[in-house]
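Working notes, beginning with the structure itself.
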Amino acid sequence: MSVPEKVRQTVVELRAAVAYHNDLYHGKDNPEISDAAFDEILRKLAELEAKYPELLDDASPTQIIGAGATTFDPVTHRVPMTSLDNAMDVAELQAWGERAAKGLNNVAMQFACELKIDGLALSIRYENGELVQAATRGDGKVGEDVTANVRTIAVIPKKLVASSGVVVPSVLEVRGEVYMSLSAFEKFRDAKMRENEKRVSEGKKPENVPANPRNAGAGSLRQKNAQVTATRELSFWAYQLGEVVGAPNFATHSESLDYLRSLGFPINPEVKTLDSLSKVVEFCQQSEASRHKLNYEIDGVVVKLDSLTQREQLGFTSRAPRWAIAVKFAPEERNTILKEISVSIGRTGRATPFAVLEPVVLSGSTVSMATLHNREQVQLKDVRPGDTVVVRKAGDVIPEVVGPVLSLRPKNSKPWKFPTSCVCDLKSKLVQVEGEADTRCVEPECPFQRDQRIIHFASRGAMDIEGLGEKTVFALSDKNFVADIGDLYSLTLEKLLQLEGFAELSAKNLLKAIEDSKSRPLAKLLVGLGIKNLGPAAAESLARRFGSLDAIIAATPEQLSEIDGVGGVIATKITDWFAEKSHMAIIKKFRAAGVEFGNVAVNDAPQNLVGKAIVVTGTVEGFSREGAQEAITSRGGKSPGSVSAKTFALVVGDEPGASKLTKATELGIPIIDAVGFLKLLETGELPN
Ligand code: IVH
C-alpha cells in the first residue's frame, strides 16, 4: 500500500514528539505531559506503522525503550533491562493469558502479582557481596551510572552478609524501583515552595517544583552531586533478578524474592501468587481501589509467571518479556484544553480561581472543572486560557490543574489576570487582604456569598437540612424566595412548587426537613450562622457554657474569650457578627419561626483549668470515667487519652493503666490521687 504524504508527515511529527517528551521525561526529569498522553502518542505511531509497514524502521521509538543516557557515565547492561507490554483492560489481560497458555501447551500457570511502582527502574550490581555499581535503565541496553547517588539511599544494602542457609553469590544484580514516598514528597515539596518564596522575595526566579513524587524521585536520583541525593529520602523495592553467578537455583520468582528479602532487600509486602486469571483480575481491582491507602504511588499491577522454567519457554519479543504484563490502572493524569479560567466566590467572599476544561475522563469519572487554588498558584503555574494542561484527579480528591504543556501553548497567549471585580451583578471589588493569600469579594450583599452562606447553613455539619443542596439554593435564590438564611423558614409549598424539578412530594419533604432543623442543638445553629473561624468544637464549648443563643448575644468579648478554644480573635468576630443589623434581622426571623435557641444545661463551674491537660487513668473515687473527664473539661481544661510532655497532671484511680503511669514517671509529670484531684478541681492548682 503506498503511503499517503500526509501519513508520512504525521509519522515524522509523532516521532519528533516522542523524542521530545522522552528527553523531558528521562533526560530532564520534568515531563510536560502525563504518561497516558505519552502512551497515546506512542500508540498512534505504532498503529500507523502497523498499517504502513514500510514506514517501520529500527530507530523508531516504538522499537526502542525510553531515551539514551545523557549526562552520566554509560553502563552497558549485561542482561538487557526490557520494558513490559501493557494491558489497558481485563480483555487485554485475558488475551495475554491466552497467548501465554498457548505458548506453554495449556499447562497450569501460577501468576506472581506485584504492584507496579511509579518510580524509576534501577539495576544494582554486587560482587562478592559489595555494591559495585548502580545504573538506571536508560534505553534498556545502556543506562546511566548512578552508583554514588544510590549509595546514599538508606534502605539499599551496601554490603551483603551471609547468614545461616543464605549464601552471598559472587555476582548478584538486583533490579527494582527507586521511588519517593508520598510523605517524603510532601516534605520535599513544602521545602521547595518555601525556598522559592525566599528566592522570589530576593528578586530571583523560582525553581521548578516537581509535580509528583515520580518526577521528584527521578530528579533526586539523577543529581550530579550525591550529597543532594542524600538529603532526599528515597526508597526502593526490589522485584527482579538480573545477572546472577553463584546463587542457589530457584524454581520460581517467589523463591527469588524470598532470597532477596533474606539478603536484606526491601520486598513489597503486597506480592501475591495466584493460580487463575480471574483471581488476578480481582487482585488488580482491589489494588486499584486501595491505591490511595499506600504511602507511595502505583500505576498498575505487574503480572509475572512464577515458574522460571515457563518463563524460559516463553522468552521475549523485541521489546518485552512474553511472561509478564503490566496491567495499567485508569489514568489519574491526562492532558486536556483549558477553555477558560473563572472565579468562584465562597461564603466568606473568598475568590477561588478554577479551570473550565474540555471534559476528560480521569480515575473513571468525567472532569470538566478543576481547582486552581488561589491567585498565587495561577501565577506560579502560569496556566492560560487555550493552554493544553495536565489535569490530575487522585481518588476522591478535587481535580486539580498540575500545569501547562508549554510546547503546545498557542502563539500570542497572554498570562491570565486575576479579575479586579466580582463576577456577581453588583460588580463589587475583589481585594487581596493584607497578610492573607486569599483574594476576597468584600461586599456582603454579593449574591454568590449569600447563596454559599445558605448552602453552608443547610449542610450536614450545621443545620443538616436534607434536600437543600446547591442546586435548590440557586433555584430559590433565582426566584428571590430567599435573601438570607432566615428566609428559609418562611418558604411555602406554593413557592417550592414553582421550582423546576419540584413536585408535591419533594416539596413537602423539603418543608419537613426545614421544620425539623428548628430543633437542632445550639452548637449546630452557631456553626450554621457562618461566623468566621467559629468551628464546631468552639461552638460546642460556647453552647455548654452559655446555654442559649440569647446569652451568647448578650456576652461581652471578654466573657466569650474565656471559653476553651474561643480566644480573643474569635470572640470579637462573634460580637461583631451580632452587632450587624442585618444579622439581628436574621435572628428575629429565626425567633418568629420558632427556631430553638437552646436550653442547654449551663455549666457555671469555675474556669480554673483553662489551658491545662489532665489525663485520668483508672476509676477515681466518687467519679464515673466520663464524670472525671467532664469535671476537667467543664472547668475549661482538656482531658486527653494519653500522657505527653504537655500533660499538666496524671490523676490515678483504681486499676490504673501501666503505660500511662510509666510514661508520666519517665517525663516527670505530677501524679495525683482522688484527694489531690478534688483539690485540683477546686483551686486549679496542684496539691502540695
Ligand atoms: S518487572 C522484565 N515489576 O514498570 C520485567 N517492573 O512498564 C522487568 N515497574 O521498567 C520489570 N513496578 O520500571 C517490574 N513490580 C514491578 C514493577 C516494575 C514498577 C516498572 C519498571 C519497568 C516498568 C515497565
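The values are calculated or read from the model by the stated rules, or taken from the named source; none is laboratory data. Bear in mind the structure is a predicted one, so any value in this text is a computation, not a measurement. Positions of Cβ are generated from backbone atoms using ideal geometry, with glycine treated the same way; all protein chains shown enter the neighbour counts. What goes into the accessible areas is simple: the full protein's heavy atoms, side chains included, and nothing from ligands, DNA or RNA. Shrake-Rupley method; radii C 1.70, N 1.55, O 1.52, S 1.80 Å.
Brief remarks follow.
- Calculated SAXS-style log₁₀ I(q)/I(0) at q = 0.12, 0.17, 0.20 Å⁻¹ - segment 495-637, Debye, Cα scatterers: -0.61, -0.97, -1.19
- Cα-Cα separations in segment 175-257 greater than 18 Å, expressed as whole percent: 56
- Each residue of segment 636-652 was assigned a 3J(HN,Hα) from its phi angle through the Karplus expression (A = 6.51, B = -1.76, C = 1.60, θ = phi - 60°), giving x, x, 10, 10, x, x, 9, 8, 9, 4, 8, 5, 7, 7, 10, 8, 10 Hz with x at Gly and Pro.
- Gyration tensor (alpha-carbon) shape descriptor, segment 92-201, a/c threshold 1.5: oblate
- The phi torsions of segment 273-282, fed into the Karplus equation with coefficients 6.51, -1.76 and 1.60 and a -60° offset, translate into couplings of 9, 10, 9, 8, 5, 5, 5, 5, 4, 4 Hz, rounded to whole numbers, with Gly and Pro shown as x.
- Accessible area (Å², 1.4 Å probe, nearest 10) - residue 673: 90
- Per-residue SASA entry for residue 519, accessible area with 1.4 Å probe, Å² rounded to 10: 70
- Mean projection area, nm², convex hull over Cα of segment 512-578: 4.1
- Protein heavy-atom accessible surface, 1.4 Å probe, per residue over segment 161-262: 49 Å².
- For the chain, the longest principal axis of the C-alpha atoms and the axis of helix 90-103 are separated by about 30°.
- Accessible area per residue, Å², segment 422-570 with all protein chains present, probe 1.4 Å: 50
- Carbon/sulfur fraction of accessible area - segment 540-683, other protein chains in place, 1.4 Å, %: 54
- Dipole in debye (nearest 20) - segment 100-178, about Cα centre, beta carbon charges: Lys, Arg +1; Asp, Glu -1: 140
- Where the Cα pairs of segment 402-561 fall when distances are cut into 10 Å bins, in %: 9, 28, 27, 22, 10, 4, 0
- The charge dipole of segment 273-427, taken about its Cα centre with unit charges on the Cβ of Lys, Arg, Asp and Glu (plus for the first two, minus for the last two), comes to roughly 580 debye.
- Against the main long axis of the alpha-carbon atoms of the chain, helix 504-517 sits at an angle near 70°.
- Cα principal axis extents for segment 11-168, largest first, Å: 57, 46, 26
- Reference-scaled alpha-carbon Rg (2.2 N^0.38 Å with N residues) for the chain: 1.22
- The Cα-based radius of gyration and maximum Cα-Cα distance (Dmax) for segment 568-686 are 19.6, 59 Å.
- Computed over protein heavy atoms with a 1.4 angstrom probe, the accessible surface ordering of 180, 193, largest first, is 193, 180.
- Value of Rg to Rh for segment 266-398, rounded to two decimals, is 1.14; Kirkwood radius and Rg both from alpha-carbon coordinates.
- Rounded to the nearest 10 degrees, the inclination of helix 182-201 to the longest alpha-carbon principal axis of the chain is 80 degrees.
- Tensor-based shape of segment 142-219 (alpha-carbon gyration tensor, a/c under 1.5 rounded, otherwise prolate or oblate): prolate
- Qualifying aspartates and glutamates (Cα of each under 15 Å from Cα of residue 159; at least 8 residues distant if same chain): 127, 130, 173
- Farthest towards the positive end of the charge dipole of segment 294-334, among the residues 326, 314, 302, is the Cα of 314, using unit charges on the Cβ of Lys, Arg, Asp and Glu.
- Charges were assigned to the Cβ only: +1 to each Lys and Arg, -1 to each Asp and Glu. The resulting dipole of the chain about its Cα centre is roughly 1040 debye.
- Over the chain: helical MRE at 222 nm, DSSP H runs n ≥ 4 each giving -39500 (n - 2.57), nearest 500: -10500 deg cm²/dmol
- Using a probe radius of 1.4 angstrom, the carbon and sulfur fraction of the accessible surface of segment 351-413 is 55%.
- Entries in 28/224; 205/381; 646/679; 471/495; 524/589; 339/411 that, when Cα-Cα distance is taken, lie over 19 Å: 646/679
- Solvent-accessible surface (1.4 angstrom probe) belonging to residue 56, in square angstrom, nearest 10: 80
- Gyration tensor verdict on segment 153-297 (Cα atoms; rounded if a/c is under 1.5, prolate if a/b is larger than b/c, oblate otherwise): oblate
- Farthest toward the positive end of the dipole of segment 98-243, out of 133, 174, 231, is the Cα of 231, where the dipole comes from beta carbon charges about the Cα centre.
- Carbon/sulfur fraction of accessible area - segment 270-343, other protein chains in place, 1.4 Å, %: 48
- Once the chain from residue 12 to residue 519 is taken as fully extended at 0.36 nm per residue, the excess over their C-alpha distance is 175.5 nm.
- Share antiparallel - DSSP beta bridges, segment 260-414, percent rounded to 5: 95
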